[in-house]
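S.K.: Sharing a structure with you now.
Just so it is clear, none of the values below were taken in a lab; they were calculated from the coordinates. None of these values were measured; they are calculated from a predicted model. Cβ: placed from backbone, ideal geometry, glycine included. Neighbour counts: every protein chain shown.
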Amino acid sequence: MTKPLPVRLALARTALLRHFGFPEFRPAQRRVIQSVLAGRDTLAVLPTGGGKSVCFQVPALVLDGLTVVVSPLLSLMQDQVEAAQRRGIAAAALNSAQEAEEQRAVLDAVRAGELKLLYVSPERLERLAGRLAALGVQVGLLAVDEAHCISEWGHDFRPSYRLLLAARIRLGRPPVVALTGSATPEVRRDIAASLRLGGAGRWDLHLDSFDRANLWFGVERVQTDRDRFRILLSNLAPREGTAIVYAPTRRITEGLARSIHYAGFRCAAYHAGLDRGRREEVLHRFLSGGLDVVTATSAFGMGIDKPDVRVVVHWMTPPTPESYYQEAGRA
């Protein structure tokens, strides 16, 4: 980063206009991007819909080298890579869904310096970091999207989240920006400790307001599942746009999808028990306007940019207030 910070910020505004069509950053985005372009480790807690991806995609266009983005879900990677490419940003993903030939092509592009954004899972980064270092790839920024997963998932079924620090060291200790839509003080401390933000020195924390003035929140009290379903349909029927219905189990999502379909809506279920092809099909239909409603377990919708989601319904109470806020905020 040889250019003075004011020059980098001016280049960032130019990139925002060219690739995203906006003349100015939102105030919270501007603060986060200023920290990132200053080379400081940064944790940003911005509300769902707050434009978190801009906070690492725009710096990637200004900074030298490659920006590596750690993303928790294949569907999220796919959505963000396609969106970045549509905006003229050189982006790709490396994941287990790709054929060997496609993976080699991505690595060749990385080696040739043709990419600005490379999306990987934490498990992939664990294996990839040493290889990138051996190839002499300059990593200018490590971005951890949906960083609350470090705390929520890293302690049990996705231990690779706890190894991101080791990967960061192998990559040459690039600056880190970690972003999430919700994180309690305890989760923020866990993220900072896991990534060793700032080393022994300074790192920046940015917290934006979580007041979503464009959303209406409500609770319906029900006595029976029949009442519950009747109220669900009454919330779906008059709305334009699309809807997401969250349920706690795969079995319930499947049953709800059938019932909503029989009620006259284009509806499908999405959960981890479906094979990858089916999940990708449901996601594509939802994003392209082929579905009115998706019934899903909690992971669906994380980071997905779909502007016409008008209703989010929780069939039952989510396990934590943070889960509720994350999922409701996808409206």
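S.K.: When only alpha-carbon atoms are used, what values of Rg and Dmax, in angstrom, describe the chain?
M.R.: 20.3, 65
S.K.: Here's something else I'd like to know. Compare the peptides 214-222, 25-33, 269-277 by average per-residue count of other Cβ atoms within 10 angstrom and give them in order, highest first.
M.R.: My ranking of the peptides, most packed first, is 25-33, 269-277, 214-222.
S.K.: What is the distance, in nm, between label points placed 7 Å from the Cα along the Cα-to-Cβ direction at Asn214 and at Arg250?
M.R.: Rounded to a tenth, the inter-label distance reads 3.5 nm.
S.K.: Suppose every K and R has +1 on its Cβ and every D and E has -1 on its Cβ; what is the size of the dipole of segment 14-87 about the Cα centre, in Debye to the nearest 20? Each step should come with its number before you reach the end.
M.R.: On the way: 8 positive and 5 negative charges, 45 e Å.
Once rounded to the nearest 20, the dipole reads 220 debye.
S.K.: Under a point-charge model restricted to the Cβ atoms of Lys and Arg (+1) and Asp and Glu (-1), what is the dipole moment magnitude of segment 225-328 relative to its Cα centre, in debye to the nearest 20?
M.R.: Working: 14 positive and 12 negative charges, 61 e Å.
It works out to roughly 300 debye.
S.K.: What does the charge dipole of the chain about its Cα centre add up to, to the nearest 20 debye, if the Cβ of each Lys and Arg holds +1 and the Cβ of each Asp and Glu holds -1?
M.R.: Working: 43 positive and 34 negative charges, 107 e Å.
That gives a dipole near 520 debye.
S.K.: Put +1 on the Cβ of each Lys and Arg and -1 on the Cβ of each Asp and Glu in the chain; which of Ser234, Ala90, Gly140 then has its Cα farthest toward the positive end of the dipole?
M.R.: Gly140
S.K.: Next up: What are the semi-axes of the equivalent ellipsoid for segment 185-331, taken as the square roots of 5 times the Cα gyration tensor eigenvalues, largest first, in whole Å?
M.R.: Here the semi-axes work out to 32, 18, 15 Å.
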